[in-house]
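Laboratory data are not the source of any read-out in this text; all were calculated from the coordinates shown. None of these values were measured; they are calculated from a predicted model. We place every Cβ from the backbone using ideal geometry, glycine too, and count neighbours over all the protein chains shown.
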Amino acid sequence: MSRSPLSLHQYGELLLASRMRRLSEIFYAGVDEVYREHGVSLAASSFPILFLLRDCGPLGISELAVQLGQSHPAVSQMSRKLLKARVVRDGPDPADERRRMLSLSRQGRALMTRLVPVWRAVSAAVRMLEAEFPLSAALTGIDQALAQRSFARRIREQLHGPEVDGVRILPFEPRYARAFKRLNLEWLRKYFRVEPIDERVLSRPSAILRQGGVILLAQKGKRIIGTCALLKAGAARFELSKMAITESYQGLGIGRRLLLAALKAYEDLGGGELFLETNSILAPAIRLYESVGFVHAPRPEGPAHYMRADVYLRYKGAP
């Protein structure tokens, strides 16, 4: 006996993302078809970048990635296609010649003007669908909720919620040196690349302690699942660094516990100046730092410690 074919909707919540992706592909395909009829070969998926450049002016890849909620490599790849199509151009950032900024070219501005009637038609078609099947408001609500607590965190709360209470914050011991390095390399390779300074610091954690710094570890059972360090950066000056949580335990509040423990250690050491350098694509981490009293500040004169750093934060005390 042959089985009747199954539909994705029969799997309910488990395949919600697949159903949304399928709808997204249908919408994109429809818009792409109309674009081709109007002599536009660019994919509809590339236009969010063009909209941001039109409305915000020149932006760097990192800023675009944050605004779009996409990875740096994905935005970089799409930007190369737009540069090749000559609808955007790039140039140095007047404030920092090391950074490249994207902006609309003359050809890109002309394209954006020409497509206004098409976008009006797209909006009208969406409104007709939503009159019967409201969707935008629900998606906005979900988007805002996930910005507060990621979907991965919600899943992990279901899997590990009761277990997180068993996580302990420990001081560094030499037997944890490999775990300290492994967790930080895992994080760096996911988001950036390992720089020479990273390799030096991570290979000699005991040097951090000898110089007056602190390393803290998060342990679950016998497994080290998180790290954080205070690096001595001069007289009465410390850098918060080497914050990393293993991926399967991210989003469960363990980073906050490590951070609060590091702040207590900093106060026990006598306080002074505490700062950190990070990257703007790490928006959830920046929000965490802000929530405990870090504020954005101009970076002091001189080169940044890390090539990836474009955000400088200074601790002003508990909010």
Segment 75-123 and segment 181-196: distance between their alpha carbon centers, rounded to Å: 31
Rel. contact order, % - alpha carbon contacts under 8 angstrom, at least six apart, segment 41-164: 19
Lysine pairs with alpha-carbon atoms under 15 Å apart, the chain, spacing 8 or more or separate chains: 5
Linear extension gain, S150 paired with A138, 0.36 nm per residue minus alpha-carbon span: 2.7 nm
Value at 222 nm in deg cm²/dmol, rounded to 500, when DSSP H runs of n ≥ 4 in the chain each add -39,500 (n - 2.57): -15000 deg cm²/dmol
Projected-area mean, segment 162-315, by convex hull of Cα positions, square nanometres: 8.8
Cβ-based net charge around L59, under 13 Å, with every Lys or Arg adding one and every Asp or Glu removing one: -1
Segment 162-315: relative contact order as a whole-number percent, Cα under 8 Å and 6+ apart: 21
Ordering of 133-140, 166-173, 274-281 by packing [mean C-beta count within 10 Å, highest first]: 274-281, 166-173, 133-140
Angle in degrees between helix 116-132 and the longest Cα principal axis of the chain, rounded to the nearest 10: 90
Largest-first principal axis extents of the Cα set of the chain (Å): 68, 64, 37
Selection from L115, G271, I224 lying farthest towards where the dipole of the chain points positive, charges on Cβ: I224
Difference of contour (0.36 nm per residue) and Cα-Cα distance, R109 to L129: 4.2 nm
Given charges at beta-carbon only (K, R positive; D, E negative), |dipole| of the chain in Debye: 720
